[in-house]
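Heads up: the structure comes next, in structure tokens.
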Amino acid sequence: MTDGSGTRRQRLFARWYPEMMQRIEEAGQSAIRERHLARAQGRVLDVGTGNGYSVPHYTAAVTELVMVEPNPGLRAQLQRRTGDIRARAWQIADGDAYALPFEDASFDAVAASLVFCSLDRPKDALAELARVVRPGGTFWFHEHVRGSGPLRLLHEVATPIQRLVADGCRLNRDFLGLLADSAFEVVEVEHLRMPGPPARIAPLVVGAAVR
């Protein structure tokens, strides 16, 4: 059942996820975000902004930061963090990754951080991001992906449970494979591990793709 506060799964996720992620941010995730997002500029769309851990890492080179977060609980937390925004202008917009309420080629860059693991239709979401970013624009991605060897087996086994407790998150998602089949061309990618125990079981890919 859902109401203005979201589904039960969304409400539960919004209660425990930010506290867990805060520990990961302090262990090094925040530094990864800062190094990555400091290069974003122009009009930027941040999809699945969550409670706003990426927000402080956009600089004044961003002329407008547009944030979309469909989880009502996380969105309420995001609204309380707007004092951290360094972009010259900003807005929190309604919408979701499959039907973005923006014109074609209306952004200089798009960004997603730990978002694509949770999407039921990631190909559709990538197509929407490609639609709203201008030709030559950048997709700044920061996603956890499935592992290899024994770790991949663990991710396959744990994914059904993870989906239940983490609002649909899939540990076994092949994000780079999806990106390779999209309208974006990957121009840089860094393979990392999410910092801090127990998060180190999650490989990260952090990089940029061009439309």
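Does the stretch 155-196 hold any residues that are more than 20 Å from D120 (Cα to Cα) and either β-branched (V, I, T) or touching a His at 6+ places or on another chain (Cβ under 8 Å) (or both), and which are they?
First pass over the stretch 155-196, keeping only residues more than 20 Å from D120 (Cα to Cα): 185-196.
If the condition is that a residue be more than 20 Å from D120 (Cα to Cα) and either β-branched (V, I, T) or touching a His at 6+ places or on another chain (Cβ under 8 Å) (or both), then V186, V187, V189, M194 are the ones that fit.
Enumerate the pairs (first residue in the stretch 173-188 and at pLDDT below 95; second residue anywhere and part of a helix (DSSP H, G or I) and buried (at least 18 other Cβ atoms within 10 Å of the Cβ)) with beta-carbon separation below 8 Å, excluding pairs fewer than 6 apart on the same chain, so at least 6 apart or on different chains.
R173/P122
So how many residues does the stretch 89-113 have that are small (G, A, S) and touching a residue at least 60 places away in the same chain (Cβ under 8 Å)?
Just the residues of the stretch 89-113 that are small (G, A, S), to begin with: 89, 93, 95, 97, 99, 105-106, 109, 111-113.
Those left that are additionally touching a residue at least 60 places away in the same chain (Cβ under 8 Å): 106, 109, 111-113.
Number of matching residues: 5.
Quick test for you: out of T63, T49, pick the one residue that is touching a strand residue (DSSP E or B) at 6+ places or on another chain (Cβ under 7 Å), within 24 Å of A130 (Cβ to Cβ) and in a loop (DSSP other than H, G, I, E, B). I'd like the intermediate steps shown before the answer.
Working: T63 fails: in a loop (DSSP other than H, G, I, E, B).
One residue alone meets the criteria, T49.
Could you tell me whether A27 is more than 16 Å from the chain's Cα centre (by Cα), aliphatic (A, V, I, L, M) and exposed (fewer than 14 other Cβ atoms within 10 Å of the Cβ)? Break it down into steps so the answer makes sense when it comes.
Values: more than 16 Å from the chain's Cα centre (by Cα): yes; aliphatic (A, V, I, L, M): yes; exposed (fewer than 14 other Cβ atoms within 10 Å of the Cβ): no.
Answer is no for this residue.
Based on this model, can you work out whether G147 counts as touching a helix residue (DSSP H, G or I) at 6+ places or on another chain (Cβ under 9 Å), outside any helix (DSSP H, G or I), buried (at least 18 other Cβ atoms within 10 Å of the Cβ) and of a type in the set (G, A, S)? Break it down stepwise before answering.
On the way: touching a helix residue (DSSP H, G or I) at 6+ places or on another chain (Cβ under 9 Å): yes; outside any helix (DSSP H, G or I): yes; buried (at least 18 other Cβ atoms within 10 Å of the Cβ): yes; of a type in the set (G, A, S): yes.
The answer is yes for G147.
Looking at the stretch 106-115, can you tell me whether even one residue there is at pLDDT 95 or above, surrounded by 14 or more Cβ atoms within 10 Å (Cβ to Cβ), under 21 Å from T59 (Cβ atoms) and among the charged types (D, E, K, R)?
So far as the stretch 106-115 goes, yes, one or more of its residues are at pLDDT 95 or above, surrounded by 14 or more Cβ atoms within 10 Å (Cβ to Cβ), under 21 Å from T59 (Cβ atoms) and among the charged types (D, E, K, R).
One line per residue, one yes/no per condition, for (1) at pLDDT below 95; (2) within 17 Å of the chain's Cα centre (by Cα); (3) over 27 Å from E26 (Cβ atoms); (4) not in a strand (DSSP E or B):
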{"position": "L153", "(1), (2), (3), (4)": "yes, no, yes, yes"}
{"position": "A158", "(1), (2), (3), (4)": "yes, no, no, yes"}
{"position": "R163", "(1), (2), (3), (4)": "yes, yes, no, yes"}
{"position": "G196", "(1), (2), (3), (4)": "yes, no, no, yes"}
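The values are calculated or read from the model by the stated rules, or taken from the named source; none is laboratory data. Nothing here was measured: the structure is a model prediction, and the numbers come from that model. Note: ideal-geometry Cβ built from the backbone for every residue, glycine included; neighbour counts use all protein chains shown.
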